[in-house]
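Novice: Before I ask anything, here is the structure I am working with.
Nothing in this text is a laboratory measurement; each read-out follows from the coordinates by a stated rule. Worth saying up front: this structure is predicted, and the values here are computed from it rather than measured. Here the Cβ positions follow ideal geometry from the backbone for every residue, glycine too, while neighbour counts run over all protein chains shown.
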Amino acid sequence: MNSMGKYPALFLFLLILISAASVVYEEYPKLSNNNKTTRWETSTREEALERTPTAITDNSTLPYSPNPLIEIDGKFKEVDFSEEYGGFITCPQWLDIRWKREASPNNTVFINFTVFINNTSYLNMILEEFSGSYFCTPEGVAVYGYYTREHSTIAFFTYNLTPLWRTEYEGSPVAYKNGSILLLGEKCLYMLNAKTGSLHDRKCVGEPISAFKFMGERLYIAAAHPKGMAHLYVFDNNGRREVEVINIPTFELVGMRMLLDVNERYVAVAYFLYPTDGTERNGVCVFTADDLRKIACREFEEWERPENVKLEGNIVYIKTTKGVKAYKILSLE
């Protein structure tokens, strides 16, 4: 009491100091009492930014590159793979043509045609070829004999059976288009005037032709070389253009088949190539119809050989030995 009375100012100062220290202590977090040293770290602004969590990006707004051929699951029994008729017309009901293969005493093979009108034999004709057939066009009727694609002999008549012309040419008749009879040879497509039988155009490529198709004024041809190269060709007002479908280095192909379909936007080419080493290649490639830009290709399993191909809009259907496959073509525009 004597000390407090003697030094009142000193005691008052100590009391204020103790109160201030307790307030400062409460404003900071309590430190751990587990006898481990607690270290307070400070960060620069740059270090703090590096630890900022990365925002999740919305990928729907960013461009990406998927496979432009997306396989579609399902059963496609309703797809019509029937071949186009080739432009020939149905012959009149009163007209019937029959033929048979015969051999002469010197073993020359020939085809004996008999033309019937209302079931009455009207005309006989002999063509020295291995096999025979006939077709009708708006201009008249033709009988022809042929040996594969190498050679054919054609005789053409009006519907009154008046002879118009007879010719021998490479290839065999396969289609009719705008007054022309189309003959398919090994590497060329020939176009004969139906009224005169004269050749007025031909389109040739450097390898055996497997398939062809017209789209408007454009002619598309799919062909494969025995050395393993397969190409797609287009003929139009700009001349001839070509693009590679597939190339497999091989000594020789012992089996090959190219299938083709086309619409206003796309060309689909299915292929089966069987090289001498036995490692066959099966698949389909899709191109743009105007500039033959390759969009994408899809390969099939071994022994899954294509038998037909069909384009419907942006869907390509392929009938194979194991069923029907379908792919959606994604637009690249």
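Novice: Loop-only chymotrypsin sites (Phe, Trp or Tyr not before Pro) in segment 213-313, please: DSSP not H, G, I, E or B, and at most 13 other Cβ atoms within 10 Å.
Specialist: Phe251, Trp303
Novice: Return His225, His200 ranked ascending by Cβ neighbour count within 10 Å, so the fewest neighbours appear first.
Specialist: His200, His225
Novice: Rank-order 124-135, 96-107, 157-168 by packing density, defined as the average count of other C-beta atoms within 10 Å over each peptide's residues, highest first.
Specialist: Averaged packing, sorted descending, gives the order 124-135, 157-168, 96-107.
Novice: For Cys91 and Asp290, compute 0.36 nm times the residue count separating them, minus their Cα-Cα distance, and round to one decimal in nm.
Specialist: 68.0 nm
Novice: Report the net charge of residues surrounding Arg298, where surrounding means a beta-carbon distance below 10 angstrom and charges are Lys +1, Arg +1, Asp -1, Glu -1.
Specialist: Neighbour charge sum, excluding Arg298 itself: -1.
Novice: Using only Cα atoms, what Kirkwood radius does segment 205-303 have, in angstroms?
Specialist: Answer for segment 205-303: a Kirkwood hydrodynamic radius of 13.5 Å.
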